[in-house]
Structures are given as C-alpha cells and as structure tokens.
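One structure below.
Nothing in this text is a laboratory measurement; each read-out follows from the coordinates by a stated rule. No experiment lies behind these values; they were computed from the predicted model shown. All Cβ positions, even for glycine, are placed from backbone atoms using ideal geometry, and neighbour counts span all protein chains on display.
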Ligand code: ATP
C-alpha cells in the first residue's frame with residue numbers, strides 16, 4: 001500500500017534519515033521502532049509531507065506522492081495521529097472530533113464516523129461535552145485516535161500513542177489498535193518506543209538507528225532476535 005524507497009531527509013546540514021526503505025502492506029499493522037532521535041517522527045512527518053525529503057520516493061497505491069502537499073495526502077486517506085496528541089484543550093470532545101472530519105465530503109459520513117468513534121470509545125461519548133484539556137491522559141489519547149478516525153483513514157499513522165500513559169492504559173490503547181486492524185481492516189503504521197507491545201500487535205517491523213534501517217523482518221522473528229531482545233526488549 002505504501003512503499004518508501006531510499007528516502008533521505010535533512011534538517012539543514014543534519015541528516016535525519018539516510019536512504020531508508022520500508023513497506024506497509026494493506027490490512028496489516030507495521031511498526032517502526034527505535035530510540036529517541038532515531039528518525040521515527042521524521043519518517044511520519046515526511047510521509048504526511050510536513051517535512052520535505054531531499055531524495056527518494058514515497059508511493060501510495062502505486063502512485064508517487066512525494067511531491068504532494070499535506071492536504072492532498074489527507075485527501076488520499078493517509079492520516080497521522082501526532083505525538084503529544086495536539087488536541088484543542090479548550091474545545092469540547094465533540095468539537096475536537098468534528099475538526100477531524102473537516103476533509104470528509106458530506107455531513108452524513110462525518111456523523112457516521114462519529115457514531116463509530118463513540119461506539120469504539122464509550123468514554124468519549126459520555127464525555128462529549130467535556131473540554132478536551134480536562135480529560136485524563138488515556139482519554140486524550142483515545143480522543144486523538146478518534147479524531148484521526150473521523151477523517152476516514154485508509155492508512156492510519158500513529159506517533160507513540162503509548163507515550164506518557166500508565167502501563168494498563170497503554171495496554172488498552174494497543175488492544176484498541178489491534179481491534180481497529182482486525183475488525184475494521186484498517187492499515188496502520190505504528191511508531192513506538194514500547195517495542196514489546198508494538199511487536200505483539202504488528203506483522204512486520206522495522207528498527208531505525210540514527211536515521212538508517214538497522215533491522216527489518218516479521219514482528220515474530222524480531223521479537224526472538226537476540227540483538228532486539230537485548231537492546232529493545234530489556235531481555
Ligand atoms: P523521539 O522518539 O525522541 O520522538 P524520533 O525517533 O521520532 O525521536 P526524530 O524526531 O525524527 O526522531 O528526530 C530525528 C533527528 O532529527 C534527531 O537527531 C533530531 O534532533 C533531528 N530533528 C528533528 N526535528 C528537527 C528540526 N525541526 N530541526 C532540526 N533537527 C531536527
């Protein structure tokens with residue numbers, strides 16, 4: 001579905017991504033792991049066209065999208081759920097959700113998406129009139145995912161959805177991503193530092209180290225890899 005080849009990204013003279021190649025297959029969860037500063041967020045930002053690549057290609061469903069502007073990327077159904085959630089704290093839960101549907105063509109689709117989000121996250125339905133800034137961390141993460149779902153994504157990209165959450169709440173978020181993938185057949189590109197959880201719910205995994213893909217394979221095989229176990233799984 002998404003194919004990246006030899007992608008290089010620089011911030012001024014600093015090389016953030018060095019000729020990385022990766023693929024996200026339709027209907028699967030693919031995860032991108034790595035330490036702080038490895039280039040995970042830069043990868044997502046470049047796919048979303050918020051950061052421009054210096055070289056390389058990004059193909060979505062066989063079409064080069066590397067030069068597109070970010071609004072067109074959203075139109076294609078590539079939706080990013082950003083690190084740190086970036087909600088509007090002084091707007092209600094419901095208003096935050098509706099903002100996510102700004103590109104959806106008709107109101108009935110937006111309302112249908114909203115019903116699906118409320119079904120998936122009953123807590124958001126209960127708190128629909130509450131200000132987003134007063135939600136707990138876990139609820140805010142659910143709202144950020146809900147807002148991304150409002151845009152009818154065909155590829156959902158999540159940047160560290162478990163960041164700052166208590167282990168039990170993070171587990172709920174990972175369960176939910178797995179459910180979205182299995183029940184709604186949603187393709188997901190998941191950036192995570194929680195390698196254990198990400199490898200459990202994904203099919204394919206890539207490990208970034210200082211801007212390069214250091215390892216790639218099935219999530220099952222990487223979970224058994226000694227190097228991965230020692231460096232990323234604390235085994
Ligand atoms: P984290 O897990 O900490 O979010 P990451 O793997 O997502 O890290 P990136 O945020 O993609 O890593 O950063 C990759 C490299 O690019 C880092 O060395 C970072 O300092 C650098 N970088 C990121 N954004 C910028 C920027 N706007 N200007 C200059 N350098 C940047």
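Here are some notes:
- Subtracting the Cα-Cα distance of residue 106 and residue 183 from 0.36 nm times their residue separation leaves 25.3 nm of extension gain.
- Cα centroid separation - the stretch 68-114 against the stretch 18-67, whole Å: 21
- The chain: relative contact order in percent, alpha carbon pairs under 8 Å with at least 6 residues between: 27
- Highest to lowest packing among 139-145, 80-86, 106-112, 220-226, scored as the average C-beta count within 10 Å: 139-145, 80-86, 220-226, 106-112
- Relative to the longest principal axis of the Cα atoms of the chain, the long axis of helix 137-149 makes an angle of roughly 90 degrees.
- The C-alpha atoms of the chain define a longest principal axis, and helix 167-184 lies at about 90 degrees to it.
- Taking other C-beta atoms within 10 Å as the exposure proxy, 120, 208, 227 rank 227, 120, 208 from fewest upward.
- Taking 7 Å steps out from each Cα toward its Cβ at residue 50 and residue 92 produces label points 2.7 nm apart.
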